[in-house]
1. Please verify whether Leu189 is modelled with pLDDT of 80 or more, in a helix (DSSP H, G or I), surrounded by 18 or more Cβ atoms within 10 Å (Cβ to Cβ) and in contact with a strand residue (DSSP E or B) (Cβ under 7 Å, 6 or more places away or on another chain), treating the condition exactly as stated.
2. Which condition does Phe152 not pass, out of (1) assigned to a strand (DSSP E or B); (2) touching a helix residue (DSSP H, G or I) at 6+ places or on another chain (Cβ under 7 Å), if it passes all the others?
3. Could you figure out which of (1) assigned to a loop (DSSP other than H, G, I, E, B); (2) modelled with pLDDT of 85 or more; (3) open to solvent by 20 Å² or more (accessible area, probe 1.4 Å) isn't true of Lys504?
4. When you look at Arg379, is it modelled with pLDDT under 75 and part of a helix (DSSP H, G or I), yes or no?
5. So in the stretch 439-450, with the set limited to residues that are out of contact with any Leu (no Cβ under 6 Å at 6 or more places or on another chain) and under 20 Å from Leu599 (Cβ atoms), which one is modelled with the lowest pLDDT?
6. Every residue in the stretch 17-41 that is under 13 Å from Thr307 (Cβ atoms) and in contact with a helix residue (DSSP H, G or I) (Cβ under 7 Å, 6 or more places away or on another chain), please.
7. Applying the selection to the stretch 296-320, what residues are outside any helix (DSSP H, G or I) and either at pLDDT 75 or above or open to solvent by less than 80 Å² (accessible area, probe 1.4 Å) (or both)?
8. Identify, please: which residue in the stretch 137-181 is open to solvent by less than 40 Å² (accessible area, probe 1.4 Å) and of a type in the set (Val, Ile, Thr) and is, among those, farthest from Ser75 (Cα to Cα)?
Amino acid sequence: MGWLARFKEKYKRSIQVRLTCYFILTLIPLIAFSLYANVRSRHILEQELGERTMSAMGSALEYVDLTLDSLRDLSTMISTDVNLTSRLNSTEDVFAPSVVIDFTRVLAQLTNITSVNQSLTDTMILHSNSGLMISSRKGAVHQENYREEPWFQEAVKANGGIVLYLPGRDLLDLNGSPDPIYDRNQILLLRMMDLYNRNQNQSQNVLLMSIRKEKLLSYLEHLIPSGASRVYLLDNRGQLVVSNAGADQPVPHWDDPEENRLVGEVPDSSGKMLMLRVASPRSGWSLLMMQPEEEIYKKSKPLQIFTYCIIVISSLMALWISWVIYSGIAAPISSLAYGMKQLRMGKLDTRLANSREDELGYLTQAFNQTVEQQQHLIRDIYEQQLRLTKTELKFLQAQINPHFLYNTLDSIYWSAKQHEADDIGEMVLNLSRFFRLSLSKGRESFTLEETMAHLQYYIRVQQLRFNEQFTVEYRIPDECRELYVLKLVLQPLVENAILHGLEKKTNDGELVISAEARGDRLILNVSDNGRGMDEMRLLQIRAALDRTAGNDAYSSAERNTEFFGLQNVKARIRIYYGESAELHFRSAKGEGTTVSIDLPLLRCRSQGEVEEA
């Protein structure tokens with residue numbers, strides 16, 4: 001049943017398959033009606049032909065009955081003729097002149113009867129006392145052992161009744177001619193003579209009348225439509241009398257005695273035969289005829305072929321029309337579905353070929369226009385959002401410089417009070433370099449190596465400010481040095497670590513800045529061993545950072561100035577690196593604080609190419 005499952009799958013997924021099935025379903029009634037009409041016409045033709053043929057067969061059989069009845073009447077007239085019976089019942093010697101004269105007169109009378117009746121081939125009388133066969137054709141022929149012959153015994157047994165005798169063998173007389181009795185081409189009617197005055201003591205003279213089988217067959221020739229048809233004439237005992245079939249052809253067996261019309265297989269035939277039977281209620285004789293079925297339907301064969309051609313052409317037309325409709329309707333719909341799929345995948349440059357001017361052409365044109373408008377709209381929105389993002393990013397970056405400047409100037413002030421002018425000079429120098437790199441001629445990102453150099457200037461200012469009370473360590477592996485990070489993203493974290501973590505630590509202060517490529521992420525850590533913070537303070541910072549989003553960083557910073565630097569960093573990395581960028585805090589009271597920035601590594605690699613371009 002795998003083919004059925006495959007067909008169901010194609011039926012659900014293919015419009016062409018469904019259209020083809022629909023057209024074939026509409027053709028099924030036409031095909032069924034055509035086949036029914038074809039079968040019905042064959043049946044009607046068979047019935048009408050059978051009725052006409054059986055009517056003709058009945059007429060032919062009636063003519064045979066009339067012929068046999070006339071011969072019976074003639075045999076009755078001959079067997080009751082007193083002149084014939086008196087001459088044949090003479091007891092004198094057969095060679096007596098009077099007997100010879102009587103036999104001559106009997107022969108003359110038989111000759112006249114035969115010549116008058118065209119159905120007869122020969123009229124004969126067997127003179128039982130002498131064993132002479134008086135024949136209208138042969139004259140007087142002596143018959144030896146005639147009492148042992150089956151024809152004589154049947155005639156005697158009939159006791160005056162008519163006997164139909166069919167010779168079972170052929171014999172030739174002394175002249176080489178067929179014997180008048182033993183000739184299989186003849187049919188003999190036998191009857192005892194002197195029907196009314198016979199007794200057992202008198203001689204048993206037999207009247208024999210012969211008819212050629214061709215004579216009876218000629219009555220049936222008009223029934224035979226072709227050389228392949230067969231006709232059989234049977235007597236009341238079912239014995240074959242005459243047939244146009246070969247001598248070795250058996251009489252067909254009739255399976256259903258109640259049915260007079262059958263169609264079936266017949267031995268020695270190439271196909272089915274239509275078999276018809278007519279029986280005479282008067283004589284009991286029957287007439288059978290067989291005709292090849294293909295001859296019956298020969299004239300209707302072109303109509304049958306025409307019907308099949310219509311069915312085949314209709315089926316091909318259904319397939320062709322379904323393909324045309326599929327090409328004209330379903331194909332543009334499939335093209336639209338393909339275009340929508342491409343559009344869903346983000347391919348905004350998708351365009352569909354369109355050469356139609358109908359409704360489907362309008363839909364295809366509308367799709368192309370919609371895609372083009374959507375492409376323009378997305379481009380406009382993207383450019384607008386990009387400009388807005390860059391503006392906000394520059395604004396956030398600009399907020400850092402004044403804030404840092406105030407703190408730095410304050411540091412310079414305190415340093416000037418506590419140290420000599422040389423220290424102040426170094427501090428100012430580092431501060432100048434720091435600002436110079438911060439401007440960076442519009443660049444938004446630096447490599448980690450450049451970022452560390454930039455931070456070094458700032459950290460050196462802070463070290464001078466706090467009298468070298470903390471040290472700094474950079475842990476940047478070589479594979480991370482060429483990765484790009486956002487400008488000034490680490491400076492606020494370093495500033496918080498110094499001011500809030502290491503400021504109160506009088507000695508042994510340590511600041512560690514590290515980087516690590518972990519999978520597809522870049523982790524930047526700023527750690528200090530300062531005073532740290534308790535759990536409550538840590539929760540406040542995390543809550544403030546969770547409320548920070550890339551599109552409302554400015555408002556969040558204004559609402560909570562206590563965590564301005566951290567919120568600024570998180571807002572910037574979210575805007576620049578996307579929603580996957582994160583800022584994490586870990587701290588413990590008296591142990592220090594670690595702030596981590598989690599960035600997508602791929603963006604850190606590709607950003608350098610963007611900056612250079």
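1. Numbers: modelled with pLDDT of 80 or more: yes; in a helix (DSSP H, G or I): no; surrounded by 18 or more Cβ atoms within 10 Å (Cβ to Cβ): yes; in contact with a strand residue (DSSP E or B) (Cβ under 7 Å, 6 or more places away or on another chain): yes.
Answer is no for this residue.
2. (1)
3. For Lys504, the failing item is (2).
4. Values: modelled with pLDDT under 75: no; part of a helix (DSSP H, G or I): yes.
Judged against the criteria, Arg379 is not a match.
5. Within the stretch 439-450, the first condition is being out of contact with any Leu (no Cβ under 6 Å at 6 or more places or on another chain), and the residues that meet it are 439-444, 446-447, 449-450.
After this cut, where a residue has to be under 20 Å from Leu599 (Cβ atoms) as well, the list is 440, 443-444, 446-447, 449-450.
Working: Ser440: 56, Arg443: 73, Glu444: 79, Phe446: 87, Thr447: 90, Glu449: 91, Glu450: 88.
The residue in question is Ser440.
6. Of the residues in the stretch 17-41, the ones under 13 Å from Thr307 (Cβ atoms) are 30-41.
Matches in the stretch 17-41: Leu30, Ile31, Ser34, Asn38.
7. From the stretch 296-320, those outside any helix (DSSP H, G or I) are 297-300; that's our starting set.
Within the stretch 296-320, Tyr297, Ser300 qualify.
8. Looking at residues that are open to solvent by less than 40 Å² (accessible area, probe 1.4 Å) and of a type in the set (Val, Ile, Thr), I get Ile181.
The values are calculated or read from the model by the stated rules, or taken from the named source; none is laboratory data. Every value quoted in this text rests on a predicted model; they were computed, and no experiment measured them. Using ideal geometry, Cβ is built from the backbone for each residue, glycine included, and neighbour counts are taken over all protein chains shown. Keep in mind that these areas ignore ligands, DNA and RNA; they rest on the heavy atoms of the full protein, side chains included. Shrake-Rupley method; radii C 1.70, N 1.55, O 1.52, S 1.80 Å.
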